[in-house]
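K.L.:
Dropping the structure in here first, questions after.
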Amino acid sequence: MNDPGATLAISGLTSGYGEAIVIRGISLTVGAGEIVALLGKNGMGKSTLLRTVMGFLPAREGNVVIDGIDVTRDAPHRIARRSIAYTPQEQAIFQDLTVGDNLRLGQVESRWFAEELARICDVFPFLGERLEQRAGTLSGGEQKMLLIARALMARPRLMLVDEISEGLQPSIIERLARVLVAERERTGVAVLLVEQNVRFALEVADRWSVLKLGEIDDEGGSDMPNAASRIADHLSV
Amino acid sequence: MPRRRSDIRTVLKFGIVALAVLAVAPFFLDIYVVNILIRALLLAALALTVDLLWGYTGILTFGQSAFFGIGAYACALVFTHWGFGAQWALLALFLGIVAACAVAALAGWLAFYHGASPLYGSIVTLALPIIVTQVIFAGGRTTGSSSGLSGFPTYYWSSETWFWIAGVFLVVITGLAWLFVRSDMGRVLVAIRENETRCAYLGIPVSRIKILLLVIAGTIGAIAGFGYAAFTNVVAPELGGFLLGTELLIWVALGGRGTLIGPVIGAILIDVTSSYLSGSLPFYWKLLIGVLFVAVIVALPQGLLPEVTRLWRRLIGRRTRMADAPTLEPITAQEVGRGTGQPLVVRGVHRHFGSLQVLQGIDFEANRGELLSLVGPNGAGKTTLIRCLADGYERSGGTITIFGRNLGKWGPDRCVALGIGRKFQAANIFATLSVAECLRVARYRLDPPSIWASGTTLRLPEAALRIVEETGLAQSLNTEARHLAHGQKQALELAMVLALEPSIVLLDEPTAGLTRVERERIGAILTSLTERERLSILLVEHDLDFVREISSRVIVLHQGQIVLDGSVEEVVGSELVRNIYAGASLDAGSGPT
Amino acid sequence: MGVLFLDIVTTAAILFTVASGLMIILGVMKLINFAHGAFLAIGGYAAFVTTQLGWNPWMAIPFAAVVGFVLGLVIERVIVRPLYARPLDAILATWGLGIVIGQVITIVFGREVQFVQSPLSGAIEFLGQSYSTYRLALVAIGAILALALIALLYFTRFGLNARAVIMNEDLARGLGIDSTRVRLTTFGLGAALASMAGALITPLISVDPNLGLPWLINSFMLVLVSGVSIPGLIVASLILGGAQVLVSSYVSAILGGLTIVVLAAVILRIRPQGLFSG
């Protein structure tokens, strides 16, 4: 069922911490230039899925294929070097490093640092003015923008974005949505977006899946007329 | 407390054999070997104390040589400067022990404070022998400085006599230590090594136990040192030095940490061989020991004895004999801390890390028989709040009262004494202890463990017993906790917490990683705890379906504040809560409280 | 007074130089390298070999650094790598490694005390005092070393990667940084620094297989007190080294040898994170 040309193809993936299984037999694909949203409440295994894809957690079963290459057992840095930008939900930036150093770390060898920096500063002008500032002194919203900016520095083929909208004002969420969509148009990057914010997810994504207790419970296209209410049912208290 | 007879019998059996061997050995051995062995037997007793501290309790010590040096110099100084005779010998031994105890108590007080890192303990033990040797150097004529003292009067008994004295001393110490480490108190030491945090939250006074153990180890070391000085008639600063301290570690590591017998054999074999080869192959022998030591640490961290016994068992085809599991005895929980009034009142509690406010203005109460759930998105401060309730040091301000008694600024063991039991998020148990031993460690406060025997019954309050029986743990009492399935580990920790007979139970995501069936079982247990035992339960939970099914009240935390405190229906119907969970923005603090 | 001041500054410079290799390894790898003393001895014998071969005495420094670096790489790969998850065992294994190195040195060079040629001899007039030229040169070398380490950590990509690994290893790996390689390089660098320091101090002391032992304990204490930072190590060297000089001069030389250990144990009890952390 997996599309061999997909940028990211996950099939039958099972993993967890210690003996606790957190995700069970998950299959999911993200095609080139596609944005897929993965929704679910806290503790349902969304972050665990991303950490397993990145190689931080070993897969018990199943595999992860990126651009046709099986990376299931690769180390995280090897996976990252396949132009994969992963933005974790917590402790995602180096608080004690400067904004500039954080951006520099977006590229493995600072090869196209100057060009990409110039472009990023067009997208988020405030970053250009604060390259020497400690990243930890940025506000919450600015830190999230720095996080996306750092991901874009890598010229990624695939972005794995973990709850970027959490705790942000609507105006900033809107801004991040525009950046993601524009980047997809420009470079054809594929994005797997882990979210709890239904509005944001449906605005950006082409398709969505709902994760419940470690399994995919429901999925569909963002153009489905009742998508929002269907997802909201899954997420309700 | 009834004792397990097999242990005493084992000790007596092996003790008699060892004493018999010792009795005849001098008649078959070369006088030179006997002399070497006397020293080795005394050092083996010292190595045994290193194993008690490091192998069993997890305190990596470089400093046991210091106590050996103290004992040796007490003997040499008294005999040289004051006088010689039975009363002087007793005085010297007494002074040596007192000095060693004082040094050990001081070092322990310095090293094992609440929240000290294990590394700091090692630093203090590292400083000990350096200080002792420098003090000896500084003593000038009195201590003989770097050349030490020699030629003082002593008992010029025959080598055989000294051999028997040293041998009996070692056998007695080893036998006592063997009973001790296999006693219920010995299991507490292993529990401290495995998981010091869990111990503290079970109300075990970890620092006091460690200090006491260091004092005992120091006493044994001082006696051994005294014997050494009285026998050899020579003392030098090296006896209390850092190099001897590290050599002890090598012997223990090679023999097998946490086996008692391994370190004793290791010390005797290596020390005797070293003395033998020091003439012919000094450097190569030390090189070999060094290589072996590195290889064992890297590849066989448990040392050689466990490997040898495994091989032996395979050869003779015998399986490890399992001790009998204790019988479980139900008791009625006294409910520690239970008094009149409200179980828990929280007023104005806040917590900040630097400038980051994680909790602010938390006010709420918990009632008897209530299952109160704390929910909220990641980073809302739920776990921080649980921490503040279970450890008085955690909060930055505000008051917490339990049945009218103020929690104040006290550590977790005080919280346990007030009636709070905390279950951690990840199953937090003692990996190498059996299920029964884990439960018995949890009973430390209420049923103080024996220091020389292992009880044949295990008293558990009914609530804990029910969990043990319903989850199948009762059939696995002898299983090491690390071999349990994930769900059983969670259940075991919950049973351990209930064994404290708490009035208030704090649970941090008890269902994380459990199957649906296990969730339902835990849910049923929690409900019965509130309904039958009338406990107050505070539950942090991500799975909102689970919360809805079992809670009697829900508190919603968001950005460190309580935004809603109400019934399940109120929370489910709240637009505010839906917004928080759907990720829409919420102006902090604008919600109703 | 002048001599006392110069004693304090030169002692601090020597302590800083000797402890820097231990600190780099602890900072990046969270690993206490108890073979540090043995690496100092390796540097001392590299200087001895340099003297024996009749090379320029300054050659001892790069020679010692190269030997230390290569040995460091091998040791990291074989012994240290399996022990990252067991920090206390790593202390023991590196201590055992120190014994092995000490014995190999003994077998090759013998147990006797050796002497090496000093690159600079004699004394010069400084601040109105006649003072050992070489000790003063060590202050300059220590300062250069501190600047070089700061430049490496703060102005190179390797330094940025290393700092990223220190702060949050998982995050660094997720950004494509090979933390295993960073560790390998760091251990090599730490061993090279220790070995170089060994070559630097040997003109002041005699060379024997166990020359590193007293330095190991003092370096360990200094690094912990420093809070594992370069400025912290400079200050810790000045404070503790200064105290050592003062106690040795005014109280007793023997108690002077205790000063660093005792003071460090007390400071760490009051500030477990060291002087310059947080």
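Quick grid of which residues meet (1) within 13 Å of chain B (Cβ to nearest Cβ); (2) part of a strand (DSSP E or B); (3) modelled with pLDDT of 90 or more:
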{"residue": "A:191", "(1), (2), (3)": "no, yes, yes"}
{"residue": "A:218", "(1), (2), (3)": "no, yes, no"}
{"residue": "A:224", "(1), (2), (3)": "no, no, no"}
{"residue": "A:233", "(1), (2), (3)": "yes, no, no"}
{"residue": "A:237", "(1), (2), (3)": "yes, no, no"}
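K.L.:
Given the options C:207, C:225, name the one that is surrounded by 21 or more Cβ atoms within 10 Å (Cβ to Cβ), touching a residue at least 60 places away in the same chain (Cβ under 8 Å) and among the hydrophobic types (A, V, I, L, M, F, W, C).
P.N.:
C:207
K.L.:
If we keep just the residues of segment B:270-281 that are surrounded by 15 or more Cβ atoms within 10 Å (Cβ to Cβ) and not hydrophobic (A, V, I, L, M, F, W, C), which is farthest from the other protein chains (Cβ to nearest Cβ)?
P.N.:
So, considering only residues that are surrounded by 15 or more Cβ atoms within 10 Å (Cβ to Cβ) and not hydrophobic (A, V, I, L, M, F, W, C), the one farthest from the other protein chains (Cβ to nearest Cβ) is B:275.
K.L.:
Output the residues belonging to segment C:163-178 that are at the interface with another protein chain (Cβ under 7 Å from one of its Cβ atoms) and of a type in the set (Gly, Ala, Ser).
P.N.:
Listed by number, the residues that qualify are C:164, C:174, C:176.
K.L.:
Separate question: Does segment A:139-176 hold any residues that are closer than 24 Å to residue A:44 by Cα and within 14 Å of chain B (Cβ to nearest Cβ), and which are they?
P.N.:
Result: A:144, A:161, A:162, A:163, A:164, A:165, A:166, A:167, A:168, A:173.
K.L.:
Which count do you get for residues in segment C:138-185 that are in contact (Cβ under 8 Å) with a residue 60 or more places away in the chain, of a type in the set (Gly, Ala, Ser) and either under 23 Å from residue A:93 (Cβ atoms) or in contact with a Ser or Thr (Cβ under 6 Å, 6 or more places away or on another chain) (or both)?
P.N.:
Within segment C:138-185, residues that are in contact (Cβ under 8 Å) with a residue 60 or more places away in the chain, of a type in the set (Gly, Ala, Ser) and either under 23 Å from residue A:93 (Cβ atoms) or in contact with a Ser or Thr (Cβ under 6 Å, 6 or more places away or on another chain) (or both) number 2.
K.L.:
Could you grab me the full set of residues in segment B:436-467 that are more than 21 Å from the chain's Cα centre (by Cα) and within 23 Å of residue B:182 (Cβ to Cβ)?
P.N.:
Those that are more than 21 Å from the chain's Cα centre (by Cα) and within 23 Å of residue B:182 (Cβ to Cβ): B:456, B:457, B:459, B:460.
K.L.:
Among the residues that make up segment B:68-79, is at least one of them within 14 Å of chain C (Cβ to nearest Cβ), under 27 Å from the mean Cα position of the chain (by Cα), of a type in the set (Val, Ile, Thr) and closer than 23 Å to residue C:259 by Cα?
P.N.:
No: segment B:68-79 contains no residue that is within 14 Å of chain C (Cβ to nearest Cβ), under 27 Å from the mean Cα position of the chain (by Cα), of a type in the set (Val, Ile, Thr) and closer than 23 Å to residue C:259 by Cα.
K.L.:
Could you please give the count of residues in segment C:248-278 that are under 19 Å from residue C:214 (Cβ atoms) and away from chain B (no Cβ under 11 Å)?
P.N.:
2
K.L.:
What is the one condition in (1) buried (at least 21 other Cβ atoms within 10 Å of the Cβ); (2) under 20 Å from residue B:58 (Cα atoms); (3) not aromatic (Phe, Trp, Tyr) that residue B:105 does not satisfy?
P.N.:
(1)
K.L.:
Would you confirm whether any residue within segment B:506-513 is crowded, with 18+ Cβ neighbours inside 10 Å, at pLDDT 90 or above and assigned to a helix (DSSP H, G or I)?
P.N.:
no
K.L.:
Then there is this: For residue B:471, indicate whether it is among the polar types (S, T, N, Q), modelled with pLDDT under 90, farther than 13 Å from residue B:434 by Cα and surrounded by fewer than 17 Cβ atoms within 10 Å (Cβ to Cβ).
P.N.:
For residue B:471, the condition - among the polar types (S, T, N, Q), modelled with pLDDT under 90, farther than 13 Å from residue B:434 by Cα and surrounded by fewer than 17 Cβ atoms within 10 Å (Cβ to Cβ) - is not met.
K.L.:
Could you grab me the full set of residues in segment B:289-313 that are more than 16 Å from residue B:252 (Cβ to Cβ), more than 7 Å from chain C (Cβ to nearest Cβ) and surrounded by 15 or more Cβ atoms within 10 Å (Cβ to Cβ)?
P.N.:
Selection gives B:309 alone.
K.L.:
Here's a follow-up. Only one of A:177, A:182, A:149 is part of a helix (DSSP H, G or I) and more than 21 Å from residue A:93 (Cβ to Cβ); which?
P.N.:
The match here is A:182.
K.L.:
Spot the failing condition for residue B:76; the list is (1) in a helix (DSSP H, G or I); (2) surrounded by fewer than 20 Cβ atoms within 10 Å (Cβ to Cβ), and only one is missed.
P.N.:
Failed condition: (2).
K.L.:
Here's something else I'd like to know. Looking at segment B:148-166, is at least one residue at positive phi, buried (at least 18 other Cβ atoms within 10 Å of the Cβ), out of contact with any Ser or Thr (no Cβ under 8 Å at 6 or more places or on another chain) and of a type outside the set (Asp, Glu)?
P.N.:
Checked segment B:148-166: at least one residue is at positive phi, buried (at least 18 other Cβ atoms within 10 Å of the Cβ), out of contact with any Ser or Thr (no Cβ under 8 Å at 6 or more places or on another chain) and of a type outside the set (Asp, Glu).
K.L.:
For residue C:112, which of the numbered conditions (1) within 14 Å of another protein chain (Cβ to nearest Cβ); (2) not in a loop (DSSP other than H, G, I, E, B) fails to hold?
P.N.:
Here residue C:112 clears every test but (2).
K.L.:
If you don't mind, there's one more thing I want to ask. From the residues in segment C:1-41 that are under 29 Å from residue C:100 (Cα atoms) and outside any helix (DSSP H, G or I), which one is farthest from the chain's Cα centre (by Cα)?
P.N.:
C:30
K.L.:
Looking only at segment B:395-410, filter to residues that are surrounded by 20 or more Cβ atoms within 10 Å (Cβ to Cβ) and over 21 Å from residue B:533 (Cβ atoms); which one of those is farthest from the chain's Cα centre (by Cα)?
P.N.:
B:400
K.L.:
Okay, next question. Take the residues of segment A:79-103 that are assigned to a strand (DSSP E or B) and of a type in the set (Ser, Thr, Tyr): which is surrounded by the most Cβ atoms within 10 Å (Cβ to Cβ)?
P.N.:
The qualifying residue surrounded by the most Cβ atoms within 10 Å (Cβ to Cβ) is A:86.
K.L.:
Tell me, please, whether a residue that is of a type in the set (A, V, I, L, M, F, W, C) and either facing chain C (nearest Cβ under 9 Å) or buried (at least 22 other Cβ atoms within 10 Å of the Cβ) (or both) can be found in segment B:256-264.
P.N.:
yes
K.L.:
Separate question: Given segment B:154-272, what helices (runs of 4 or more DSSP H) lie entirely inside it while holding 2 or more residues that are of a type in the set (Gly, Ala, Ser)?
P.N.:
Those helices (runs of 4 or more DSSP H) span B:159-182, B:184-194, B:206-232, B:242-255.
K.L.:
How about segment A:201-233: which of its residues are among the hydrophobic types (A, V, I, L, M, F, W, C) and under 18 Å from residue A:33 (Cα atoms)?
P.N.:
Within segment A:201-233, A:201, A:202, A:204, A:205, A:208 qualify.
K.L.:
Let me ask you something else. Would you please list the contacts, defined by Cβ atoms under 8 Å and residues six or more apart or on different chains, that run from a residue in segment B:446-474 that is without any contact (Cβ under 8 Å) to a residue 40 or more places away in the chain to a residue that is surrounded by fewer than 21 Cβ atoms within 10 Å (Cβ to Cβ) and part of a strand (DSSP E or B)?
P.N.:
Correct list of pairs: B:447/B:459.
K.L.:
Output the residues belonging to segment C:125-154 that are more than 22 Å from the chain's Cα centre (by Cα), on the phi < 0 side of the Ramachandran plot and exposed (fewer than 13 other Cβ atoms within 10 Å of the Cβ).
P.N.:
C:125, C:130
K.L.:
Within segment B:453-468, count every residue that is buried (at least 18 other Cβ atoms within 10 Å of the Cβ) and over 26 Å from residue B:418 (Cβ atoms).
P.N.:
Selection size over segment B:453-468: 3.
K.L.:
Let me ask you something else. With C:94, C:156 as the choices, which residue is polar (S, T, N, Q) and within 9 Å of another protein chain (Cβ to nearest Cβ)?
P.N.:
Sole residue among the options that is polar (S, T, N, Q) and within 9 Å of another protein chain (Cβ to nearest Cβ): C:94.
K.L.:
Between a residue in segment B:107-128 that is more than 8 Å from every other protein chain (Cβ to nearest Cβ) and any residue that is part of a helix (DSSP H, G or I) and of a type in the set (Phe, Trp, Tyr), which pairs come within a Cβ distance under 7 Å, given they are 6 or more apart or on different chains?
P.N.:
Filtered contacts from segment B:107-128: B:111/B:120.
K.L.:
Of everything in segment C:230-278, what is touching a residue at least 60 places away in the same chain (Cβ under 8 Å), among the polar types (S, T, N, Q) and surrounded by 18 or more Cβ atoms within 10 Å (Cβ to Cβ)? Give them in sequence order.
P.N.:
Answer for segment C:230-278, where residues must be touching a residue at least 60 places away in the same chain (Cβ under 8 Å), among the polar types (S, T, N, Q) and surrounded by 18 or more Cβ atoms within 10 Å (Cβ to Cβ): C:237, C:244.
The values are calculated or read from the model by the stated rules, or taken from the named source; none is laboratory data. Model, not experiment: these values are computed from the prediction. Positions of Cβ are backbone-derived with ideal geometry, glycine not excepted, and every protein chain shown enters the neighbour counts.
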